[in-house]
Amino acid sequence: MDRNEALQILKKHLPEKRYIHTLGVLETALDLARVYGCDEKKTELAAIFHDYAKYRPEEEMRNIIIQEHFPEDLLHYHSELWHAPAGAYLVKKELGIDDKDIFQAIYYHTTGRPGMTLIEKIIFIADYIEPGRQFPGVDEVRALAKKNLDDAILQASRNTIAFLMKKNAPIYPDTFHTYNHFLMKKE
Ligand code: GDP
Ligand code: FE
Ligand code: FE
Ligand code: FE
């Protein structure tokens with residue numbers, strides 16, 4: 001599937017604002033793929049479709065998590081987390097994109113995980129630093145991403161955890177596991 005075809009399909013599933021976010025993720029992810037030597041074709045599709053399920057009804061996402069035997073503890077956490085695994089599934093099922101690397105990049109783009117692959121790291125970070133993102137600390141992560149992806153992931157997950165804690169929001173264990181992994185890797 002080429003880029004224009006993918007974007008045309010995506011456009012039908014997202015409101016304008018989220019579509020523009022996706023174009024930012026695409027541009028950023030392709031820059032990172034060139035710098036770090038990741039497959040550009042796979043990076044392109046993973047970036048374009050990373051938020052494919054973002055606007056699906058909660059009920060649909062919940063059913064996918066149950067039916068696909070994805071971790072059911074997701075259902076005890078905020079529904080904001082569901083679009084990543086549900087999206088990975090739907091991109092395969094509805095669009096026929098059957099590629100493990102793309103699947104995992106979409107699946108883990110919100111929480112990250114210990115031992116992320118290069119494409120997973122690129123989508124996770126591109127989602128965080130794309131040009132439309134404006135929040136405290138994002139420029140620091142942008143600078144780190146140019147030098148060392150693992151350092152960028154550590155800082156991004158630190159920021160996300162701090163942000164969620166400030167809001168009194170529950171934090172999904174994978175989010176902590178990502179932080180711990182990239183912190184302890186450095187020591
Ligand atoms: P987006 O889909 O482009 O908006 O970005 P993400 O998929 O990365 O994140 C979606 C939302 O999930 C953001 O508001 C994050 O702050 C939030 N989020 C990330 N990790 C966690 C977590 O562990 N727990 C909860 N409750 N929310 C999280
Ligand atoms: Fe997302
Ligand atoms: Fe993210
Ligand atoms: Fe996103």
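The values are calculated or read from the model by the stated rules, or taken from the named source; none is laboratory data. All figures in this text were calculated on a predicted structure; none of them were measured in a lab. All Cβ positions, even for glycine, are placed from backbone atoms using ideal geometry, and neighbour counts span all protein chains on display. Areas reflect the complete protein model, heavy atoms only, side chains present, ligands, DNA and RNA absent. Shrake-Rupley method; radii C 1.70, N 1.55, O 1.52, S 1.80 Å.
By Kyte-Doolittle mean hydropathy of at least -0.5 and Cα axial length of at least 24 Å, which whole DSSP H helices of the chain are selected?
16-36, 149-166
Rounded to a whole number, what % of the accessible area of the stretch 3-135 do carbon and sulfur atoms account for, probe 1.4 Å?
Taking all protein chains in place, the stretch 3-135 shows 50 percent carbon and sulfur surface.
Take the eigenvalues of the Cα gyration tensor for the stretch 38-87, scale each by 5, and report the square roots as semi-axes in whole Å, largest first.
With the √(5λ) rule applied to the stretch 38-87, the semi-axes are 23, 11, 9 Å.
From the helices alone, meaning DSSP H stretches of at least four residues, give me the mean residue ellipticity at 222 nm for the chain, per-run term -39500 (n - 2.57), in deg cm²/dmol to the nearest 500.
Helix-only estimate at 222 nm: -21000 deg cm²/dmol.
Under a point-charge model restricted to the Cβ atoms of Lys and Arg (+1) and Asp and Glu (-1), what is the dipole moment magnitude of the stretch 3-135 relative to its Cα centre, in debye to the nearest 20?
So the dipole magnitude of the stretch 3-135 works out to roughly 220 debye.
Excluding ligands, DNA and RNA, what is the solvent-accessible area per residue of the stretch 3-135 at a probe of 1.4 Å, expressed in Å²?
Per-residue value: 46 Å².
List, in the order given, every pair from Lys11/Lys100; Lys92/Lys167; Lys17/Lys186; Lys41/Lys166; Lys100/Lys146; Lys11/Lys146 whose Cα-Cα distance in the structure shown is over 32 Å.
Lys92/Lys167; Lys17/Lys186; Lys41/Lys166
Which three extents, in angstrom, do the Cα atoms of the stretch 98-184 have along their principal axes, listed largest first?
Answer, in whole Å and largest first: 38, 27, 26 Å.
Quick one: grab Rg to one decimal and Dmax as a whole number for the chain, Cα atoms only, in Å.
Radius of gyration, then largest Cα-Cα span, for the chain: 15.5, 45 Å.
How would Lys17, Lys11 line up by accessible area, probe 1.4 Å, largest first?
From most exposed to least exposed: Lys17, Lys11.
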